[in-house]
Amino acid sequence: MNKKIIIVSGGMLEEEFVLPVIKEDENAYIIGVDRGMEFLYRNHIMPSYIVGDFDSVNKDVADYYRNETRVPIREYNPVKDASDTEIAVRFAMALGCGKLIILGATGGRVDHLWANVQTLAIPFRAGVHAEIMDSRNRIRLIGGGETILKKTEAYGTYFSVFPLGQEILGFNIEGAKYPLKEHLLTPYDSLCVSNQIEGEEVKISFPSGIVILMESRD
């Protein structure tokens, strides 16, 4: 398929932000996940697929999709070994996703947010660009090598980096307010929170590993 897929999950969904993202690409596939279905229903957006255990969905909305539409539904037992968003991400990969945007993955419970951030490793390891987005944050994973952040394309004023799963040796940040050279990036300090692009661009480089990159605005 190699298509853009948008997952609409059950967290914070701000209409003024989410609707333009969905409407930006009319050819994108939309996967409604549990309470994200209610957002799609209210805004008269028909998903391409529905995934979830339906434990937090209004019954009338669930019945509408089951009985009044031909949307393919993958319903799971609430007692399962993965979150609804993770199941949706794996399903997107099975569809042959080329780019993945996850909406409604933030807000509410922090454990759900952290699970969603870790889930980004699934498309990342498959070589698929994936982002969690809301009106103030864009979260993605970057791997060893160089990543360039251009000021003209920045999502917000600040960027922060955190290792995913292990320490990162030889970590470098160039062109930022707080540069680093050959740094040991660890998962237990806050040194790399709220950095800023100083010039036209920032270069982040490290030999190997996976790093969480968060771009944020107030």
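The values are calculated or read from the model by the stated rules, or taken from the named source; none is laboratory data. No experiment lies behind these values; they were computed from the predicted model shown. With ideal geometry, Cβ positions are generated from the backbone for all residues, glycine too; neighbour counts draw on all protein chains shown.
How many residues, within the stretch 54-75, are in contact with a strand residue (DSSP E or B) (Cβ under 7 Å, 6 or more places away or on another chain) and either outside the structural domain of residue 103 (by TED's automatic domain parsing) or assigned to a loop (DSSP other than H, G, I, E, B) (or both)?
Qualifying residue count for the region: 3.
Any residue that is hydroxyl-bearing (Ser, Thr, Tyr), at pLDDT 90 or above, more than 18 Å from the chain's Cα centre (by Cα) and within 25 Å of residue 10 (Cα to Cα) - is there at least one of those in the stretch 94-110?
Looking for residues that are hydroxyl-bearing (Ser, Thr, Tyr), at pLDDT 90 or above, more than 18 Å from the chain's Cα centre (by Cα) and within 25 Å of residue 10 (Cα to Cα), one finds none in the stretch 94-110, hence no.
Can we say residue 100 is closer than 26 Å to residue 22 by Cα, in the same structural domain as residue 29 (by TED's automatic domain parsing) and surrounded by 13 or more Cβ atoms within 10 Å (Cβ to Cβ)?
Answer is yes for this residue.
For the stretch 192-206, which residues satisfy the criterion of being surrounded by 12 or more Cβ atoms within 10 Å (Cβ to Cβ) and either out of contact with any Asp or Glu (no Cβ under 8 Å at 6 or more places or on another chain) or more than 25 Å from residue 133 (Cβ to Cβ) (or both)?
Result: 192, 193, 194, 195, 196, 197, 198, 201, 206.
Scan the stretch 80-107 residue by residue and report those that are assigned to a loop (DSSP other than H, G, I, E, B) and touching a residue at least 12 places away in the same chain (Cβ under 8 Å).
80, 83, 95, 96, 104, 105, 106, 107
Out of the residues in the stretch 75-93 meeting the condition of being modelled with pLDDT of 90 or more and touching a helix residue (DSSP H, G or I) at 6+ places or on another chain (Cβ under 8 Å), tell me which one is nearest to residue 27 (Cα to Cα).
92
For the stretch 1-41, which residues satisfy the criterion of being farther than 16 Å from residue 72 by Cα and assigned to a strand (DSSP E or B)?
Those that are farther than 16 Å from residue 72 by Cα and assigned to a strand (DSSP E or B): 3, 4.
Name the single residue, out of those in the stretch 147-188 being farther than 14 Å from residue 212 by Cα and charged (D, E, K, R), that is nearest to the chain's Cα centre (by Cα).
Once the filter is applied, the top-ranked residue is 153.
Strands (runs of 3 or more DSSP E) wholly in the stretch 113-218 with at least 1 residues that are touching a Ser or Thr at 6+ places or on another chain (Cβ under 9 Å) and at pLDDT 95 or above - which ones? Give the derivation first.
Working: elements: 129-133, 137-150, 158-163, 168-174, 180-185, 201-216.
In the stretch 113-218, 129-133, 137-150, 158-163, 168-174, 201-216 are the strands (runs of 3 or more DSSP E) which contain 1 or more residues that are touching a Ser or Thr at 6+ places or on another chain (Cβ under 9 Å) and at pLDDT 95 or above.
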